[in-house]
Structures are given as structure tokens and as C-alpha cells.
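These notes concern the structure reproduced below.
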Amino acid sequence: MTKDFEDYKLAHYFLYRRELKKWETEKIYTNLFLNDWSELMKLVDEIEFQETDNGHYEVRMHIDETIIVDDHFNDFITTDGGDRQENTYKACVEYIKWYKEMKEDGYVD
């Protein structure tokens with residue numbers, strides 16, 4: 001299984017709280033988050049709605065980079081090298097991986 005498909009499955013589960021259907025395989029999938037801004041913005045909203053002890057995370061999209069900022073306004077995740085949509089998707093996936101790890105370790109609910 002490719003990293004791209006694994007990342008897509010992770011983002012899909014984070015947003016929709018369900019696994020992909022059995023027919024949604026690597027051979028036929030389309031990465032909705034890279035093909036549709038409205039799907040990507042749903043993912044951004046889900047991240048920004050995650051509460052922290054002091055507020056929320058913020059996703060800042062710039063022309064050449066995307067930065068996820070923590071509740072103390074520290075740059076938390078920064079991605080660049082692609083276009084705005086690619087960078088935003090990559091930052092969201094990095095956040096979701098971090099969040100999943102923190103959840104497994106019992107630091108978040």
C-alpha cells in the first residue's frame with residue numbers, strides 16, 4: 001500500500017469517523033482532499049475545532065507554505081514545497097498523525 005493511500009485513509013477516518021468501504025481500494029480511489037477544496041476545508045475545520053487546554057489549533061494557509069499553530073501561537077507544523085492545496089493537505093495529515101499518536105498515548109481524548 002502506498003504512503004499516499006495510507007495518508008488518504010487516515011485523513012478520511014479522522015474526518016468521517018469511518019473506514020473506507022471495501023470497494024474504495026487503492027486502485028480506484030481519488031484523493032478528494034487534493035481534488036476538491038471544499039473537502040479539504042472540512043478537514044481544516046475539523047482540526048480547528050479540536051479543543052486544547054487554552055483554545056484551538058489554527059491552520060494558516062499561505063501561497064508557499066501552510067502552518068498549523070498551537071494554542072500558544074507557536075508554529076506547530078509547517079509544510080511547503082507544493083501548491084497551497086498540497087501544502088494544506090500535507091499539514092493536515094501531519095497533524096492527524098501527531099493527534100493519533102497522542103491519543104494512543106492517552107494525552108488526548
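The values are calculated or read from the model by the stated rules, or taken from the named source; none is laboratory data. Small disclaimer: the values here were computed from a predicted structure and weren't measured. Methodologically, a virtual Cβ is constructed for each residue, glycine included, from the backbone with ideal geometry; neighbour enumeration extends over all protein chains shown.
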Take the conditions in contact with a Leu (Cβ under 9 Å, 6 or more places away or on another chain), of a type in the set (D, E, K, R) and modelled with pLDDT of 95 or more and apply them to LYS42. Does it pass? yes
I need every pair where a residue in segment 19-34 that is within 15 Å of LYS3 (Cα to Cα) has its Cβ under 9 Å from the Cβ of a residue that is of a type in the set (S, T, N, Q) and surrounded by fewer than 10 Cβ atoms within 10 Å (Cβ to Cβ), sequence separation at least 6 or different chains. GLU26/THR2
Within segment 90-106, the residues that are surrounded by fewer than 13 Cβ atoms within 10 Å (Cβ to Cβ) and either in contact with a Gly (Cβ under 7 Å, 6 or more places away or on another chain) or among the charged types (D, E, K, R) (or both) are GLU101, LYS103, GLU104, ASP105
Among helices (runs of 4 or more DSSP H) entirely inside segment 1-89, those with 3 or more residues being among the aromatic types (Phe, Trp, Tyr) and surrounded by 13 or more Cβ atoms within 10 Å (Cβ to Cβ) are 3-16
